[in-house]
Amino acid sequence: MAASDEHAPNVPSPARRAGELSTGRSRSLEECEDGVHMSFGEAALRRRPAATAPCPCGGGSFGSCCGPVLDGRAAQSAEQLMRSRYTAFAVHDGAHLARTWHPATRPDDLESDGPEQWTGLTVVRAAGGPDDTEGTVEFRARWRSGTDSGELHEVSRFTRIRGRWLYVGGVVDPLH
Ligand SMILES: [Zn+2]
């Protein structure tokens with residue numbers, strides 16, 4: 001027993017092989033933390049800003065702006081829903097995008113939609129409040145993807161069904 005213990009360090013080591021395996025494993029975990037191999041839901045939770053952090057949409061702190069809407073509270077206006085959807089794109093919250101998209105126009109694959117990063121939002125004009133059933137929001141959303149960057153200019157249409165605003169569709173680069 002003692003002899004085999006003494007020889008143990010010179011034996012081609014299962015422990016070392018296990019070490020290599022665990023190095024490999026931790027490398028893939030790091031990739032997960034970058035959002036490369038995570039599911040959409042996991043990525044969304046990790047990318048959530050703190051309640052006191054600036055909201056990605058630019059409308060104040062996350063906890064007083066889009067945070068509650070992303071958590072399921074009904075948006076009070078088409079603009080509030082639009083802002084929360086911009087923020088959902090920015091933080092990769094596919095679940096919020098799916099549940100606020102009218103089923104008739106919702107794409108099957110939300111995950112591969114859009115650029116890598118949304119970097120800012122300007123709401124140009126908005127209509128549709130608590131007493132309305134139709135709403136319109138014109139906005140400019142800035143994005144970056146690798147070395148490319150640009151701006152999405154869209155007029156989005158919304159409808160309110162059973163107290164919930166839903167995104168119906170939009171016209172990109174509208175003519176004035
Ligand atoms: Zn916001």
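Worth pointing out:
- Within this structure, Val91 fails the test of being within 12 Å of the ligand (Cβ to nearest atom) and over 19 Å from Thr119 (Cβ atoms).
- Against the conditions (1) more than 21 Å from Glu138 (Cα to Cα); (2) surrounded by 17 or more Cβ atoms within 10 Å (Cβ to Cβ); (3) within 13 Å of the chain's Cα centre (by Cα), Ala90 satisfies every one except (1).
- Within the stretch 161-172, the residues that satisfy the criterion of being in a strand (DSSP E or B) and in contact (Cβ under 8 Å) with a residue 60 or more places away in the chain are Arg164, Trp165, Leu166, Tyr167, Val168, Gly169.
- Subset of the stretch 87-106 [assigned to a helix (DSSP H, G or I) and under 17 Å from Thr159 (Cα atoms)]: His96, Leu97, Ala98, Arg99
- Some residue of the stretch 92-101 being hydroxyl-bearing (Ser, Thr, Tyr) and without any contact (Cβ under 8 Å) to a residue 24 or more places away in the chain: no
- Of all residues in the stretch 36-51 being within 13 Å of the ligand (Cβ to nearest atom) and open to solvent by 40 Å² or more (accessible area, probe 1.4 Å), the one that is modelled with the lowest pLDDT: Arg48
- Subset tally (residues that are within 14 Å of Gly170 (Cβ to Cβ) and outside any loop (DSSP other than H, G, I, E, B)) for the stretch 128-150: 8
- The set of residues in the stretch 76-86 being touching a residue at least 40 places away in the same chain (Cβ under 8 Å) and not in a loop (DSSP other than H, G, I, E, B) consists of Ala78, Glu79, Gln80, Leu81, Met82, Arg83, Arg85, Tyr86.
- Residue pairs whose Cβ atoms lie under 7 Å apart, sitting 6 or more positions apart in sequence or on different chains, and linking a residue in the stretch 53-75 that is over 14 Å from Leu121 (Cβ atoms) and at pLDDT 95 or above to a partner that is surrounded by fewer than 19 Cβ atoms within 10 Å (Cβ to Cβ) and β-branched (Val, Ile, Thr), are Ser61/Thr52; Gly63/Thr52.
- Selection count, the stretch 143-171, where residues are open to solvent by 80 Å² or more (accessible area, probe 1.4 Å) and not polar (S, T, N, Q): 7
- One residue alone among Asp109, Asp113 is modelled with pLDDT under 95, closer than 17 Å to Gly170 by Cα and part of a loop (DSSP other than H, G, I, E, B), and that residue is Asp113.
The values are calculated or read from the model by the stated rules, or taken from the named source; none is laboratory data. The shown structure was predicted, so the numbers you read here are calculated from the model rather than taken from an experiment. Because the Cβ atoms are built from the backbone with ideal geometry, glycine has one as well, and the counts that use them run over all protein chains shown. The protein model used for the area step is the full one, side chains on, heavy atoms only, and it has no ligands, DNA or RNA in it. Shrake-Rupley method; radii C 1.70, N 1.55, O 1.52, S 1.80 Å.
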